[in-house]
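Following: one structure in structure tokens, then a few remarks.
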Amino acid sequence: MKAPTALSVSNGGTMQHTVSVLVENHFGVLARVAGLFSARGFNIDSLAVGETQDPEVSRMTVVANGDDRVVEQIMKQLNKLVDVICVEDLTAKDMIARELVLIKIAANASNRNDIMHVVNTFRAKIVDVSPESLTIEVTGSEGKIDAMLELLRPFDLKEVVRTGQIAMARRCELKAPAKCGGKTASCKTAKKIKKK
């Protein structure tokens, strides 16, 4: 299983949250983590999962909109799951967040120069060319990607594939098995024994 994740829900008084979850790389963990959000009525805007530097540990980045109090409750419940190592809400922290997008766009001799101008402006790159289309790869913040898509829309977008956001804090590390969220490797083991 692979992992990064972020959460967000759009009602009055709610805000977008980016939650990072370190989990053991086991079958079914993703479904259990996502299930906690849906059980609380959170619509997950994006969910990215991938291995960390340790192949036994995955990092999930969840982006969703919701009430701060409810997000805090979800994080406490996530911390109780056996396969969860630690959880961090990156929303209020100084963080680096990026998303990768592939865009297939209709292109011909008359509009290719205009499309290339947009591609160069956003420091994107062309990764595939055919007589009828161009495929563009762009990495950046959600705002940058939304702005580029807006400029490309008049050219007839054929396909758009977004990875979802991944994020990490600039000045601190989320890693296992260091103490994190009040948990350590030893208390995680104790929790497993208790649950058997």
Per residue solvent-accessible surface (Å²) - region 18-159, probe of 1.4 Å: 51
Over region 50-121, with every protein chain in place, what whole percent of the accessible area is carbon and sulfur at 1.4 Å, could you tell me? 50
Report the Cα centroid-to-centroid distance between region 105-137 and region 140-158 in angstrom, as an integer. 12
Where does the charge balance sit around residue 63 when Lys and Arg score +1, Asp and Glu -1, over other residues with C-beta under 11 Å from its C-beta? -3
Under a cut-off of 15 Å between alpha-carbon atoms, report the aspartates and glutamates in cross-link reach of residue 76, not counting same-chain residues fewer than 8 places apart. 67, 68, 88, 89
At residue 94 and residue 170, where each label point lies 7 Å from the Cα along Cα→Cβ, what is the point-to-point distance in nanometres? 0.4
Considering only DSSP states other than H, G, I, E and B, which GluC sites (Glu not before Pro) in region 33-91 qualify as loop sites with at most 13 other Cβ atoms within 10 Å? 56
Of the GluC sites (Glu not before Pro) in region 123-176, which ones lie in a loop per DSSP and count no more than 11 other C-beta atoms within 10 Å? 132, 173
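The values are calculated or read from the model by the stated rules, or taken from the named source; none is laboratory data. Just so we're clear, the structure is a prediction, and the values are computed from it rather than from any experiment. Here the Cβ is made from the backbone with ideal geometry for all residues, glycine too, and neighbour counts use every protein chain on show. The accessibility values were calculated without ligands, DNA or RNA, using every heavy atom of the protein model including side chains. Shrake-Rupley method; radii C 1.70, N 1.55, O 1.52, S 1.80 Å.
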